[in-house]
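In what follows, a single structure is set out as structure tokens and then discussed.
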Amino acid sequence: MIDFTLDQQNAVLQVRPTGPLCAQDFDQIAAVVDPFIEKNGNLHGLILEIPHFPGWENLGAAMRHFRFVRDHHKNVRKIAVVTDTALGAIAEHITAHFVAAQVKHFPAAQLDAARAWVIAAE
């Protein structure tokens, strides 16, 4: 399961997994984000608030997740990974090879700093 919000004024999608990810999670996000991108252009940023990574419900959910990333990564300028898990330490380096966006890790207590970085002009 994923909780998400789209701040349309700042063009920022904030995502927080709350349980094992399922294919429908990505369909629900796409239903909100795709029309916004089509109408307004790219997102300024994506904030991934990840207290812990819950994994995927099944292989189909993992595949839908990878397709979602493939189909959307060029429409996001910045990605803030907000977590205290080991994932955050490596995400900044590994994801840079797979996505077009700038990626930066923030400790969980710095959610506001992550939002400010994502919104800030380059």
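Table for the structure above
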| quantity | calculated |
| --- | --- |
| Condition met for Gln24 (over 16 Å from Val99 (Cα atoms) and out of contact with any Leu (no Cβ under 9 Å at 6 or more places or on another chain)) | yes |
| Test: residue in segment 39-50 that is in a helix (DSSP H, G or I) and surrounded by 15 or more Cβ atoms within 10 Å (Cβ to Cβ) | no |
| Number of positions in segment 95-108 that are surrounded by fewer than 18 Cβ atoms within 10 Å (Cβ to Cβ), of a type in the set (A, V, I, L, M, F, W, C), assigned to a loop (DSSP other than H, G, I, E, B) and modelled with pLDDT of 70 or more | 2 |
| Qualifying residue in segment 74-84 (condition: exposed (fewer than 13 other Cβ atoms within 10 Å of the Cβ) and within 22 Å of Met1 (Cα to Cα)) | no |
| Criterion violated by Ala61 - all others in (1) among the hydrophobic types (A, V, I, L, M, F, W, C); (2) more than 20 Å from Val118 (Cα to Cα); (3) within 13 Å of the chain's Cα centre (by Cα) satisfied | (3) |
| Residue pairs meeting the criteria (Cβ under 6 Å; at least 6 apart or on separate chains; first within 25 Å of Trp117 (Cβ to Cβ), in segment 1-27; second in a loop (DSSP other than H, G, I, E, B)) | Asp3/Thr18; Pro17/Pro54; Thr18/Met1 |
| Sole residue being part of a helix (DSSP H, G or I), over 20 Å from Ile2 (Cα atoms), at pLDDT below 95 and of a type in the set (Asp, Glu), chosen from Glu92, Glu122 | Glu92 |
| Residue match in segment 109-116 (condition: surrounded by fewer than 17 Cβ atoms within 10 Å (Cβ to Cβ), at pLDDT 85 or above and more than 27 Å from Gln9 (Cα to Cα)) | no |
| Among residues of segment 18-38, those that are loosely packed, with under 13 Cβ neighbours inside 10 Å and within 19 Å of Ala80 (Cβ to Cβ), counted | 1 |
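The values are calculated or read from the model by the stated rules, or taken from the named source; none is laboratory data. Worth saying up front: this structure is predicted, and the values here are computed from it rather than measured. Neighbour counts are summed over all protein chains in view; Cβ atoms, including those assigned to glycine, are modelled from backbone coordinates with ideal geometry.
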